[in-house]
Amino acid sequence: AGATASSALAALAVICAGPVTAYVRSRERGDEMRGWGQRLGVDVRVADWAEGARALTAPLVIATTPAGTTDVVATDVPEHPGILFEVLSEPWPTALASAWSARGGGVVGGLDLLVHQGLLLVERMTGRVPGPLGAMRLAGEAALAAR
């Protein structure tokens with residue numbers, strides 16, 4: 001329910017027609033997500049984090065929690081998962097992303113998020129469109145590998 005979750009909700013407001021369920025770790029976070037939903041025109045339904053394994057059956061799962069938080073649901077990935085957007089770039093892959101990929105689901109990671117955010121900035125600052133996506137992706141991968 002922090003900045004990344006609210007940004008994801010803003011993106012969902014553009015691409016989704018139905019309700020969004022936010023699995024939160026506290027009542028305050030649930031209230032925050034409901035507030036963002038009201039401002040963005042998104043029907044946000046709040047569920048307790050303890051029931052988070054239920055989220056894994058959704059066609060799109062966006063995980064915006066700190067490292068290690070989703071490890072507890074990694075064993076609950078369904079047989080045919082949809083798309084997982086795991087916003088972490090380190091550690092990578094997360095236990096959830098690994099389990100998701102092993103089941104054949106599509107995974108988008110935090111490096112993808114960082115590179116595309118940076119790409120938009122480079123394009124706006126330099127006027128070069130399209131920006132150097134491939135080079136930026138390789139640089140991000142190299143930086144993570146060097147850690």
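The values are calculated or read from the model by the stated rules, or taken from the named source; none is laboratory data. What you see is a predicted model; the values in this text were computed from it and never measured. Every residue, glycine among them, receives a Cβ derived from its backbone with ideal geometry; neighbour counts consider all protein chains shown. Quick note on the areas: whole protein, heavy atoms, side chains included, nothing else; ligands and nucleic acids left out. Shrake-Rupley method; radii C 1.70, N 1.55, O 1.52, S 1.80 Å.
For region 79-91, does any single residue satisfy the condition of being within 21 Å of ALA3 (Cα to Cα), in contact with a Phe, Trp or Tyr (Cβ under 7 Å, 6 or more places away or on another chain) and open to solvent by less than 80 Å² (accessible area, probe 1.4 Å)? The answer is yes, given that some residue of region 79-91 is within 21 Å of ALA3 (Cα to Cα), in contact with a Phe, Trp or Tyr (Cβ under 7 Å, 6 or more places away or on another chain) and open to solvent by less than 80 Å² (accessible area, probe 1.4 Å). Taking the listed residues GLU90, GLU79, GLU51, GLU28, the one that is in contact with a strand residue (DSSP E or B) (Cβ under 9 Å, 6 or more places away or on another chain) and charged (D, E, K, R) is GLU51, with no other qualifying. Taking every residue in region 51-73 that is over 12 Å from LEU84 (Cβ atoms) and aliphatic (A, V, I, L, M) and pairing it with any residue that is open to solvent by 30 Å² or more (accessible area, probe 1.4 Å) and in a helix (DSSP H, G or I), at least 6 positions away or on another chain, the pairs with Cβ-Cβ distances below 7 Å are ALA53/ASP76.
Only one entry in THR94, THR69 is of a type outside the set (A, V, I, L, M) and within 23 Å of GLN117 (Cα to Cα), namely THR94.
If you check VAL61, VAL44, which single one turns out to be more than 15 Å from the chain's Cα centre (by Cα), surrounded by 14 or more Cβ atoms within 10 Å (Cβ to Cβ) and at pLDDT 95 or above? Result: VAL44 is the single residue among VAL61, VAL44 that is more than 15 Å from the chain's Cα centre (by Cα), surrounded by 14 or more Cβ atoms within 10 Å (Cβ to Cβ) and at pLDDT 95 or above.
Step by step: first the residues of region 102-118, then only those that are part of a helix (DSSP H, G or I) and among the hydrophobic types (A, V, I, L, M, F, W, C), then the one that is nearest to ALA74 (Cα to Cα). Which residue is that?
Result: ALA102.
Given the criteria out of contact with any helix residue (DSSP H, G or I) (no Cβ under 7 Å at 6 or more places or on another chain), part of a helix (DSSP H, G or I), of a type in the set (Gly, Ala, Ser) and surrounded by 15 or more Cβ atoms within 10 Å (Cβ to Cβ), does ALA8 qualify? Judged against the criteria, ALA8 is a match. Within region 34-63, the set of residues being of a type in the set (A, V, I, L, M), farther than 27 Å from ALA99 by Cα and assigned to a helix (DSSP H, G or I) comprises LEU40 only. The criterion of being buried (at least 18 other Cβ atoms within 10 Å of the Cβ) and over 21 Å from VAL24 (Cβ atoms) holds for GLY131.
Among the residues of region 64-101, those that are assigned to a strand (DSSP E or B) and aliphatic (A, V, I, L, M) comprise ILE83, LEU84.
Out of curiosity, is VAL108 under 19 Å from PRO59 (Cα atoms), under 18 Å from the mean Cα position of the chain (by Cα) and open to solvent by 30 Å² or more (accessible area, probe 1.4 Å)?
Details: under 19 Å from PRO59 (Cα atoms): yes; under 18 Å from the mean Cα position of the chain (by Cα): yes; open to solvent by 30 Å² or more (accessible area, probe 1.4 Å): yes.
Criteria met by VAL108.
Of everything in region 32-41 that is touching a residue at least 12 places away in the same chain (Cβ under 8 Å) and open to solvent by 20 Å² or more (accessible area, probe 1.4 Å), the residue that is farthest from VAL87 (Cα to Cα) is GLY41.
Of the residues making up region 15-30, those that are surrounded by fewer than 13 Cβ atoms within 10 Å (Cβ to Cβ) and over 19 Å from VAL87 (Cα atoms) are ALA17, GLY18, PRO19, SER26, ARG27, GLU28.
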